[in-house]
Each structure stands twice: as structure tokens, then as C-alpha cells.
Amino acid sequence: MAREPQADPTGDTVGNDDSGGARGFGAHGPSAGRPDRAGVGGGTHVGSRGGSDTERVARRDDAVRAAVEQGLLGPGARVVALLDVTGIRESAAALRAAFDAVVAPGTPVLHAFAVKATPLVPVLRLLREEGIGAEVASPGELALARAAGMPPSRTVLDSPAKTPAELREALAFGIAVNADNPQELERLDALVRSAGSRSPLGVRVNPQLGAGSIEALSTATATSKFGVALRDEGAREWVVRAFMDRPWLSRLHTHTGSQGIPLSLMARGVAEVHALAEEINRRIGRPQIDTIDIGGGLPVNFGSDVTAPTYAQYARLLREAVPGLFDGRYALVTEFGRSLLAKHGTVVARVEYAKSAGGRRVAVTHAGVQVATRTVYAPESWPLRIAGYDAKGRPKQGPAVVQDVAGPACFAGDLLARGQALPLLEQGDHAAALDTGAYCFAHHYAYNSLARPGVYGFAPDDGGRTVFATVREPQTVEEIVAESGGAHASALTHLRAPGHAHPHE
Ligand SMILES: *Cc1c(COP(=O)(O)O)cnc(C)c1O
């Protein structure tokens, strides 16, 4: 059925329909701001920004102090991850308001959060409450969405390597599936033939528009592994035929953006997919494609506390570039990840030692490659801002000193920041890695058997005091042993090729 995003077994309709008065969207409008590079390295001392950005910084400062005061951070807990619940709610509201402002009245819109950005069940539950769905790309992510109570009608499955069993399960649940390639479409053919399906089914296409500034994240290159490459010889005609032959195919999907991709390129990708939908519907002679999934990929400003670009800016750009997308004939699905969560996460680590090497000041902290893997291995692409806090969790004052902020892992490159100017970090202080709510601390990397830090959500209570809720318990050393084969300690010594005597026999 066409307008799937609206249907919701919980009776809690998704899309712009329920985003009106009750949720008070007007009050949470996105606070547009200019990208403001002046804030680089300054942490809490930033130049101009919108009101809600300023409030987010104040909440973060309060949370770091409260985390120290309440013992979340301390001798036994050297690194924690904090999530700003108020900020996440505001971003979800801003996303909904941005598209509500540009679609024809009554157009169903499903904003499916890309679970890979922050795969934490309580985060998905919070987003569900804010009217957001889930884009999943593995059995694990689907299980997380289900554990959060995400309804199938708000779930979209997109992985490039779906097995027959995964496809069968998705169809049994009624989850939307975007087929990545012709072979996957053949698997769907067989399933639809044998069991039928309530799932909205679509095809992912790659408009092959070229790369952004980060090669590893550029999904729309000529040779990208994702989707049907539209400009390859015969591919466009193949896609049109695929829809003509399958009356049950009702969606087109593309995801051309990501960090480092300019908005104009993203808009061109959406325009290409819209034009293809128009062509297919024209040739079939009816509006068989009723939903366009425009993917996610809005870049995040990691240079300062300013939210830029905003969802409102992107939605307005899309309306200018692809007006037909918003005339009410197509339901919309979006799949934003990083832009919803990045600015609402902070990793805070104790400074264990402060030293000097070759004239460079180095703060040795407990946050490094295990929580900020991309930054450590690709620092040029993923610079992080560090904010300094003192031993009591108060913003660190003093003249800016160029310093490195190092992690605890045993290799030289384990640096959260290189040559960043901030008040000199001293032993017992805290270093906060800002804008780490997406693709960071929930993507633990087990180097040196470093433990996964606890993740805590925070919000002010009625009296303005910061209260915390556990999102994920810190990993214990016992758990590390268990996950490292602790139950199979003699598994290898018991394996012996015939004729090889035990060395001690
Ligand atoms: C990763 C991904 C997204 C989310 O991308 P962000 O850059 O985090 O917004 C959306 N859709 C698909 C198919 C993805 O692979």
C-alpha cells in the first residue's frame, strides 16, 4: 500500500500529521546560525550562535560538573559518555518542522533515524517518542529497533548484503525494504511470489554524481558499492523495466550525502531520483512509485557549537531544486543519522598525566582510539574539538596553549587532538571530546582491551539540577575476559595434531 509511513500499529501516526500543535514545534524551530570557525579549539568559548546552540553549551557545562559531583566520573570511572536528551528532542523536532514546512499538507513523511549512527536502544526509544522511525542495515540493528519498540511501519531495511533469511524476516514483519541490486530483487521476487508481502518495497539507485571530500563516505561515486549504478550502460532502462514487471515495487531510494558532501550535490542526487520516479510512473501510466526515500547524510559542523547546515536550510534547498518532490504526490522517507545525534554527545575523560615532549605539551587522558576510532585513524577527515574542564568539572580558564590530547592506547597515533589551542590541561582535569554523539562512543573499538565506557543521558529537572539516566552500563573487566574467550581458556592447548606430543609430556 502506498502511504505506508502513515500507518502505525501504535495508533501514533508518523509524519507531519501528528506534528502540529501538540508537540509545539514552533517553540523548537531550528536556530539557524552561520558556520563559525572561530570556535575551533575554544570548547565552551564560541562566537555567535543561535539561542538553542548557546543553551546546549550551557547544558553541557552543567552536565560535566554534575557528572563529577555525582560521581559518574571519578577514580573508578575514568571516561564517560554523556547524551543531551533535551538537545536530541530539539533536533528531532527541528527535523520534523523543516520538512513539514515544505511538503504539501497531508503528505506522509517518515524520518527514519539511521541506527548505525548511535546504536543504543534508549536513544531509539527517545526518538520513537519524538515521532522518528529507524533505518536499519543488519540483524543487530533491526533487533535494536525492535527492542526499542519501533513499529515495523516506521522501520526501513537498507543493508547492501541482506541474506534470504533477513529478507524473509523483514517481509514477515512488514518492514520496508530497499533492494540494493538485481540479485536481491530476484530474491524479493521469489518471496513475494510465495508468501506475498505487506512491506513497501523499493530499489536503491546510485546517481553516480561524484565524491565529496571524504572518499570512504562518498556513496555516489561511479564505482560505489551501493545501489544500482544509474549511469552504467543499460542500467536506467533496467530499472524502469524492473518496475514495469513488478507492480508491487513502489519506492525509489538514494542516499548520496554524508559528512564532506556539499548540500548541492545531495540535492542533485534527490533531483535525479525524483526525475527517474516521474519517468517510471509516466511510462507505466499510473503512480506506481508513491514514495521517495531521499536517504540521510546532512553534514555536521564539527568546527564550532553552531548547528550548520540546518534541516530547515536543506529542506528549503530541496524545495527549490526539486519542487515536484513536495507537491503531495510522493510520500517521503528520510534517513538522517549523524546530524540528529552528533552535537548531543560528549565524551569526558580524566587527564591522568600532563607532560611535555619535544616542546609540545601532551595531556594523557582515558579517551582515545576506543571511543573516537575515526578521529584517531583519519584525523584530517574527523577533527574533534576538545573542551577543558577542571578537576571539579568547571570550564577550564586561562590562556590557550597549543597541546596534544592523547588517549590511553599503546600506539603513538592515539591522539584525540593534535596541536589544539585550549587552556592548559593539568593532571586531574577533564578533557571533553565534543560533538561525539554519532559514530563515536557507541562504536567501541576494543584496542588494548580498553573497556566500553558507560553512557548516560542527562536533562535538567524542575529545579534546574542535572539528572542522569543510565543508557549503557560501563563494561567491566570480567566482561572483557568473558568476551575474550575466558570460558575457553584451554581450547587451543587441547587441539593437537596427531603425532605431536605435548611439549611437557
Ligand atoms: C549511513 C546511512 C545513512 C545515514 O547517514 P548520515 O550521514 O549519518 O546521516 C542513511 N541511509 C543509509 C542508506 C546509510 O547507509
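The values are calculated or read from the model by the stated rules, or taken from the named source; none is laboratory data. Not measured: the values here are computed from a predicted model. Backbone-built Cβ (ideal geometry, glycine too); neighbour counts: all protein chains shown. Protein only, heavy atoms only, side chains kept; ligands, DNA and RNA dropped before computing areas. Shrake-Rupley method; radii C 1.70, N 1.55, O 1.52, S 1.80 Å.
A few comments on the model shown:
- 16 Å tail of the calculated P(r), the range 219-321, as % of Cα pairs: 61
- Summed over all non-identical Cα pairs, the Kirkwood treatment of the range 365-415 gives a radius of 12.1 Å.
- Separation of alpha-carbon centers, the range 446-480 and the range 145-169, rounded to whole Å: 28
- Separation of the range 275-339 from the range 230-251 is 20 Å, based on Cα centroids.
- With all protein chains modelled, accessible area of Met244 [1.4 Å, Å²]: 60
- Where labels lie 7 Å past Cα in the beta-carbon direction, separation of Asp62 and Ala487 in nm: 4.4
- Considering the chain, its Cα convex hull presents a mean projected area of 28.7 nm².
- Taking amide H as placed 1.01 Å from N in the peptide plane, Val401 has its amide H under 5 Å from the amide H of Leu422, Leu424, each at least 5 places away in sequence or on another chain.
- Grouping the Cα pair distances of the range 86-341 into 5 Å bins from zero gives a pair-distance distribution of 1, 6, 14, 18, 21, 19, 13, 6, 2, 0, 0 percent in increasing distance order.
- Point-charge dipole on Cβ atoms (K/R +1, D/E -1) for the range 383-505, about Cα centre, debye to 20: 240
- Gyration tensor verdict on the range 343-483 (Cα atoms; rounded if a/c is under 1.5, prolate if a/b is larger than b/c, oblate otherwise): oblate
- Across the range 343-483, the relative contact order, built from alpha-carbon pairs under 8 Å that are at least six residues apart, equals 28 percent.
- With N the number of residues in the range 238-396, Rg(Cα) / (2.2 N^0.38 Å) evaluates to 1.49.
- Ligands, DNA and RNA are left out, and with a 1.4 angstrom probe the accessible area of the range 81-157 is 25 Å² per residue.
- Remark: the chain carries a charge dipole of roughly 480 debye about the Cα centre, counting +1 on each Lys and Arg Cβ and -1 on each Asp and Glu Cβ.
- Measuring with a 1.4 angstrom probe and ignoring ligands and nucleic acids, Ile289 comes out at about 0 Å² accessible.
- Average projection area in nm² (convex hull over Cα atoms of the range 79-149, one quarter of hull surface): 5.5
- Ordering Ile294, Pro200, Phe411 by Cα displacement along the dipole of the chain toward the positive end leaves Phe411 in first place; charges were set at the Cβ atoms of Lys, Arg (+1) and Asp, Glu (-1).
- The range 98-243 gives an Rg/Rh value of 0.98, both radii derived from C-alpha positions and Rh following Kirkwood.
- DSSP bridge pairs, the chain: antiparallel proportion in percent, nearest 5: 50
- Taking every C-alpha pair closer than 8 Å and separated by at least 6 residues, the mean separation divided by the residue count of the chain gives a relative contact order of 18 percent.
- For the listed peptides 438-451, 468-481, a ranking on the average number of other beta carbons within 10 Å per residue, highest first, reads 438-451, 468-481.
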